[in-house]
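S.K.: First the structure, which I've put down as structure tokens, then a few questions once you've had a look.
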Amino acid sequence: MVCWRSERLCARGGFVVDLQWKNKELTGATLLSKIGGTCTLRTSVPLKVVGVSVKSQKDGAYYVTKLNTKTGKQYKLLPKI
């Protein structure tokens, strides 16, 4: 079995995601919007974005969160507990 974890992901649409881990669990992420626009996130848990009002909508087995971003701005993503 191969296990891996990444610290940084480049995502379609000009986004960079830095992931934070603790005890092999994802605890949060920081999203950088390089060119602005809508970022659609699909996750296994609902998200909250610090300082921004967004809703995570249940879609089958996942949650979908849409975030309107501005060029060069960073957004802190946390699991909504």
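S.K.: For the range 43-56, state whether one or more residues are over 12 Å from L77 (Cβ atoms) and either in contact (Cβ under 8 Å) with a residue 40 or more places away in the chain or acidic (D, E) (or both).
M.R.: Within the range 43-56, none of the residues are over 12 Å from L77 (Cβ atoms) and either in contact (Cβ under 8 Å) with a residue 40 or more places away in the chain or acidic (D, E) (or both).
S.K.: Can you find, within the range 22-39, the residue that is modelled with the lowest pLDDT among those that are under 15 Å from L77 (Cβ atoms) and surrounded by 13 or more Cβ atoms within 10 Å (Cβ to Cβ)?
M.R.: L26
S.K.: Next up: Checking the condition basic (K, R) and more than 11 Å from the chain's Cα centre (by Cα), which residue from K48, K58 passes?
M.R.: Values: K48 fails: more than 11 Å from the chain's Cα centre (by Cα).
Answer to the selection: K58.
The values are calculated or read from the model by the stated rules, or taken from the named source; none is laboratory data. All values derive from a computational prediction rather than experimental measurement. In this analysis, Cβ positions are derived from the backbone assuming ideal geometry, glycine residues included, and neighbour counts consider all displayed protein chains.
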